[in-house]
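**Student:** Okay, here's the structure, questions in a sec.
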Amino acid sequence: MDNKTKEILKEFEETYRDASKELSKNLRSYCLGGIGIIWMLQERLDLKTWSHNAIWSLIFFGLMFASDILQYLINSVFNQLAVKNGYKLEEADTAKRNALTKKINCYSWIGLYVTNWFFWLKIIFSILAFVFLIIHISSQL
């Protein structure tokens, strides 16, 4: 791969990271707002009186927050493991260097692809939460 292609790919990666970071921040804000709307619409804190749509909405908001936390937690852990093994790579002989390179690639793969699953899950959970919230609001009118 030539340097021009590497620069283009690095630029795409930085743009993706910036966009996904901004989207995650906005999703958190919107979901907290959605929870606030449900809270204001409910007259009592007794869950027996709440509609199923409100409860499903809260469940999906909770799953969104759990996916958000897991995305960043897994990304942090596996990036740290890749960096830790990257420092060991400098001191290793050829045989250990190959094994460490495989470990780093594995950690990078897990960090990238598993966190992307959680990224898409939190988007899906947010959409579902707002669908149930809209149904709940429309049933209150």
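**Student:** Cα convex hull of segment 92-141: mean projected area in nm², to one decimal?
**Tutor:** For segment 92-141, the mean projected area of the Cα convex hull comes to 3.5 nm².
**Student:** Springs between alpha-carbon atoms under 10 Å, Gaussian network over the chain: tell me which of 113, 30, 16 tops the mean-square fluctuations.
**Tutor:** Residue with maximal mean-square fluctuation among 113, 30, 16: 16.
**Student:** For residue 42 and residue 124, FRET efficiency with R0 = 35 Å and r from the beta-carbon atoms, rounded to 0.05?
**Tutor:** Efficiency at R0 = 35 Å is approximately 0.90.
**Student:** Suppose R0 equals 22 Å; then what is the FRET efficiency for residue 52 and residue 141 from their Cβ-Cβ distance, rounded to the nearest 0.05?
**Tutor:** 0.80
**Student:** From the C-alpha coordinates alone, can you work out the Kirkwood hydrodynamic radius of the chain, in Å?
**Tutor:** Value: 17.9 Å, from the Cα pair sum.
**Student:** At 24 Å minimum axial length over the Cα atoms and a Kyte-Doolittle cut of 0.5, report the qualifying DSSP H helices in the chain, or say none. If you can, show how the numbers build up before the last one.
**Tutor:** Numbers: long enough: 3-41 (56 Å, -0.49); 52-91 (59 Å, 0.46); 94-140 (68 Å, 0.79).
Qualifying helices, which must be both long enough and hydrophobic enough, are 94-140.
**Student:** Let me ask you something else. Name the most mobile residue of 77, 131, 114, meaning the one with the largest mean-square fluctuation, in a Gaussian network model of the chain with Cα contacts below 10 Å.
**Tutor:** Looking only at 77, 131, 114, the biggest GNM fluctuation is shown by 77.
**Student:** Is it possible to state the helix-based mean residue ellipticity at 222 nm for the chain, with each DSSP H run of 4+ residues giving -39500 (n - 2.57), the sum divided by total residues, to the nearest 500 deg cm²/dmol? What is it?
**Tutor:** Per the formula, -33000 deg cm²/dmol.
**Student:** With every protein chain present, what accessible area does residue 17 have (1.4 Å probe, heavy atoms only), rounded to the nearest 10 Å²?
**Tutor:** The value for residue 17 is about 110 Å².
**Student:** Out of 101, 78, 23, whose Cα points farthest toward the positive end of the dipole of the chain (charges: +1 Lys, Arg; -1 Asp, Glu; placed on Cβ)?
**Tutor:** Of 101, 78, 23, it is 101.
**Student:** Excluding residues fewer than 8 places away in the same chain, name every one of the lysines whose C-alpha is closer than 17 Å to that of residue 96.
**Tutor:** Straight-line reach from residue 96, under 17 Å: 84, 88.
**Student:** Under a Cβ-Cβ cut-off of 14 Å, what is the net charge of the residues other than residue 123 that fall near it, where Lys and Arg count +1 and Asp and Glu count -1?
**Tutor:** Local net charge: +2.
**Student:** To continue, here is another question. Give the lysines whose C-alpha is closer than 23 Å to that of residue 25, dropping any in the same chain fewer than 8 places away, or say none.
**Tutor:** Within the straight-line limit of under 23 Å, residue 25 reaches these lysines: 10, 122.
The values are calculated or read from the model by the stated rules, or taken from the named source; none is laboratory data. It should be emphasised that the depicted structure is a prediction, and the values quoted were computed from it without experimental measurement. A quick note on method: Cβ atoms are made from the backbone with ideal geometry, for glycine too, and the neighbour counts reach across all protein chains shown. Heavy atoms of the whole protein, side chains included, go into the accessibility calculation; ligands, DNA and RNA do not. Shrake-Rupley method; radii C 1.70, N 1.55, O 1.52, S 1.80 Å.
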